[in-house]
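These notes concern the structure reproduced below.
Derivation of every value follows stated rules applied to the coordinates shown; laboratory data play no part. Keep in mind that this is a model prediction, so the values were computed, not measured. So basically every Cβ, Gly included, is an ideal-geometry build from the backbone, and we count neighbours across all protein chains shown.
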Amino acid sequence: MTPHVHRRDLLRGAAALAPLVIAGRAFAAPQAGSRLLVIFLRGAYDATNVIAPTGSDFYRQARPTIALGKPDPADPKAPLPLDAHWSLHPALKDSILPLWQQRQIAFVPFAGTDDMSRSHFETQDTIELGQPVGGHRDYGSGFMARLAGILGRGDKPIAFTDQLPLCFRGGAAPVPNLALANVGKPIDTRQAKLIERMYAQQPALSRSVAQGFEVRDTVYRTLDEEMKAASRGAVSAKGFALSASRIGTLMRAQFNLAFVDVGGWDTHVNQGGATGYLADRIGELGRGLAAFAEAIGAEAWRNTNVVVVSEFGRTFRENGDRGTDHGHGSIYWVLGGGVAGGRLAGDQVALSPATLNQGRDLPVLTDYRALIGGLVARQFGLGADRLAGLFPGAKPRDLQLI
């Protein structure tokens, strides 16, 4: 017996499809070439307990209960040395450390924006807009939408989010968005026909709804086929790892410019050190990135760059609740099969009370606009004339990451 379909459920299903079908180009295969995925860690992750300055005595003094210890091969909870000054969180041993050893990931410490508000919402907007701080903000022009416009008709962008993010707003052609965690089985034929009849008198919307069913079915078939073909010993499909694996599957053949955000990084209380809340979150992120690299495949991975950003860092000193508060400078990640990794890139400064920003957090020595501008200039072969509109007022900086 076919279950009764409520009109409100049909409307909800049609509304969920709308963002995908506006662009009308969601599943045309991109031209052979580079792919870029930007991952936004919303909530300001505590970078200095993930890529930790374990060579600094000041680090342990500033974090008496949450600092990672010194590297020790005999201790499975000890951080993993990257160089004489920095170490990787032990939760990333099986996921990110192999990429470091293969020189497929670089970390950029002292990175961020010149936004000093320490407000999650304002600084997230600052990053997604990519416009000068202090001037007029055009909320209809996100930096990834501008990049899509610069790349031209050959680009195939998508946001793997519930709603279209600010960074993809504006531009000549709207960008589709889809939260992969919510992708289920396709809407059955009876439901589809009922929804289509509801909008039959509105030709433009009717076409969008019909295209939406096709896109959703294509996503489902692509992911279903991939899951059936999964090999033994694959990375556990849990949390972000599942979504990241799906993103890799779809970017391998369909999209070349993508964005996804991951929340839960605001660690004011009991964030933990080698174990605990932050360790669990960062472990999940690492497994997700490893799953993405596996799913996209070796050939596409060679031409793919992933940039991991967050709105700001956190205070260098721990607070009274064994957590960290809103800070300034952060540490960004750049990874991919063609990345010149195995190093910490960009300017650095020895950490001390005197070198902290306002005596409390990491200074910003590499502006994120300069970092991403320099990266995409090399990745997509963009000259200064084409880059001028990407990050107005910010000069791209080539950190030789690719």
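Odds and ends about this structure:
- q = 0.23 Å⁻¹: log10 I(q)/I(0) that the Debye formula gives for the range 293-392, counting C-alpha atoms only: -1.20
- Prolate/oblate/rounded label for the range 91-165 (Cα gyration tensor, a/c 1.5): oblate
- Positive-pole candidate from Ala47, Pro76, Tyr59, dipole of the range 41-89, charges at beta carbon: Ala47
- Dmax and Rg, reported as Rg then Dmax, of the range 357-402 (C-alpha, Å): 12.5, 40
- Two-site FRET efficiency, Gln61 against Ser117, from Cβ-Cβ distance with R₀ of 22 Å, rounded to 0.05: 0.20
- Shape category assigned to the range 35-111 from the gyration tensor of Cα positions, a/c cut at 1.5: oblate
- Residue exposure proxy: Met116, Met251, ordered by other Cβ atoms within 10 angstrom of their Cβ from fewest to most, comes out as Met116, Met251.
- Taking the range 299-402 and dividing mean pair separation by its residue count, relative contact order in percent (alpha carbons under 8 Å, at least six apart): 26
- For Arg386, Arg287, the sequence from fewest to most other C-beta atoms within 10 Å is Arg386, Arg287.
- Peptides 366-377, 339-350 ordered by average Cβ neighbours within 10 Å, highest first: 366-377, 339-350
- Listing Leu356, Leu278, Leu180 from fewest to most neighbouring C-beta atoms within 10 Å gives Leu180, Leu356, Leu278.
- Cα-projected label distance for Tyr139 with Gln358, points at 7 Å along beta-carbon direction, nm: 2.4
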